[in-house]
Amino acid sequence: MTQSVVPEASVTEAHAAIVGGRSRSRWALLAAGLVAALALPWMIYPPVAMDIVAMALFAIALDILLGYTGLLSFGHAAFWGSSAYVTGLIATHFGVPFPLAVVGGALFAMILALPIGYLSVRRSGIYFAMVTLAFAQMVYFVGYQWSDLTGGENGLQGVPRRFFGIEPVETESFYFYYAALPILLLGMWAAWRIVHSPFGRVLVAIRDNTPRARALGYDVEKYKVIAFVLSAGLTGLAGGVFAISHGFVALTELHWTTSGEVVLIALLGGIGTLWGGILGAFLVVMLADYLASSGFDGIDLVTGAVFVLVVLLFRRGMWGTVHHQWLAWRRRRT
């Protein structure tokens, strides 16, 4: 009897140690990430820091589809760019504080995503990617032709940073960063809640085995549409802050190359991790800024070479590979 109790107690203690270790590591990682976000504009140019955080949320939003639902979207530039335009138009014509304008842009992105997602999720794999790309190019064409509203090739210029009359935030990028950071961090927290909720578990089940999820009674298409709309809303938050930060919205924000860039960021960091989007955004934005500052013209060439190198060396992306190795080490240790 004693021999049967001791191993059971040992297993229970080992399980508790693993769970406790994961919880402590998660909180330590969260604290480190928050400190890094707060310290970022002290170490690099504040507008570049704002671009990093905005692109990180963009990649995280895409990862809800790519990493957790198994849907590769090449059309997320439609939501990033359309939210940027709507945010800029609201801020310019209505004179509201920029957080309200950003929320308005995110809501528009979700409304736009509803019919696109409803029609796109009936396909999978490369067909889903091509359908989303086609819809994104349609939105780009509308933005290009509707020049009276969007400015066409000249873009939407003079987007203000109104923030309840607080002049340092409205005029200086350093203070604007800290005023806009809570919006992006809230979006990241929402993404974390989505993927760690029962809804997120269903998304993972759909990704791993769609027929089995359907056999269990889940409305697969409905879950995909909801994930698509939520992803578009988070993308809209990032795109709106990006527009306010730059004070300008270019037509390239709607172009398919923007969709390709965020897919590149997500893959570099590692899909299905959320943290990978943050790491990938930091690397890509910092690399592009460094090369542009040095006067180098072949930014895409270098970025492509880095992408190929990471794919060859890190099968799960940079963060994904490190996280996988760390989990394997903990399992061996316990």
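The values are calculated or read from the model by the stated rules, or taken from the named source; none is laboratory data. For clarity, every value in this text was computed on a predicted model and none was experimentally measured. As a convention, Cβ positions derive from the backbone with ideal geometry for all residues, glycine included, and neighbour counts pool all protein chains shown. Remember, those area values only see protein heavy atoms, side chains included, never the ligands or the DNA or RNA. Shrake-Rupley method; radii C 1.70, N 1.55, O 1.52, S 1.80 Å.
Could you give the accessible area per residue of region 250-334, probe 1.4 Å, as a whole number in Å²?
On a per-residue basis, 57 Å².
Under a Cβ-only charge scheme (Lys and Arg +1, Asp and Glu -1), can you give me the dipole magnitude of region 267-334 about the Cα centre, in debye to the nearest 20? Intermediate values should be presented prior to the final figure.
Values: 6 positive and 3 negative charges, 165 e Å.
Roughly 800 debye for region 267-334.
With a 10 Å radius around each residue's Cβ, average the other Cβ atoms per peptide and rank 162-168, 176-182, highest first.
Numbers: 162-168: 12.9, 176-182: 19.0.
Ranked by mean Cβ neighbours within 10 Å, highest first: 176-182, 162-168.
Skip the ligands, DNA and RNA, and give the accessible area per residue of region 88-235 with a 1.4 Å probe, whole Å². Write out the running numbers ahead of the final one.
Working: 7990 Å² over 148 residues.
So region 88-235 comes to 54 Å² accessible per residue, rounded to a whole number.
Arrange the peptides 212-219, 74-81 so that the one whose residues have, on average, the most other Cβ atoms within 10 Å appears first. Could the numbers behind the result be given before it?
On the way: 212-219: 12.2, 74-81: 29.2.
Packing proxy ranking, top to bottom: 74-81, 212-219.
Based on DSSP H runs of at least 4 residues, each adding -39500 (n - 2.57), what is the mean residue ellipticity at 222 nm of the chain after dividing by all its residues, to the nearest 500 deg cm²/dmol?
Values: 15 runs with 264 residues, N = 334.
After summing the helix terms and dividing by the residues of the chain, the value is -26500 deg cm²/dmol.
Sorting V220, V142 by accessible area (1.4 Å probe), largest first, what list results?
Listed by decreasing accessible area, they come as V142, V220.
Quick one: pull the percent of accessible area on region 209-265 belonging to carbon and sulfur, 1.4 Å probe, ligands and nucleic acids left out.
Numbers: 1280 of 2160 Å².
Whole-percent figure for carbon plus sulfur exposure: 60.
Provide the packing ranking of 243-252, 49-58, i.e. peptides ordered by the mean count of other C-beta atoms within 10 Å per residue, highest first. Write out the running numbers ahead of the final one.
Numbers: 243-252: 21.2, 49-58: 25.6.
Top of the packing list down: 49-58, 243-252.
Mind checking the dipole of the chain: about its Cα centre, +1 per Lys or Arg Cβ, -1 per Asp or Glu Cβ, Debye to the nearest 20? Kindly include the intermediate steps, with their values, before the conclusion.
Numbers: 20 positive and 17 negative charges, 323 e Å.
The dipole magnitude comes to about 1540 debye.
What value does region 70-163 have for Rg/Rh, both radii from Cα atoms and Rh as Kirkwood defines it?
Values: Rg = 14.6 Å, Rh = 14.0 Å.
With Rg and the Kirkwood Rh in hand, the quotient comes to 1.04.
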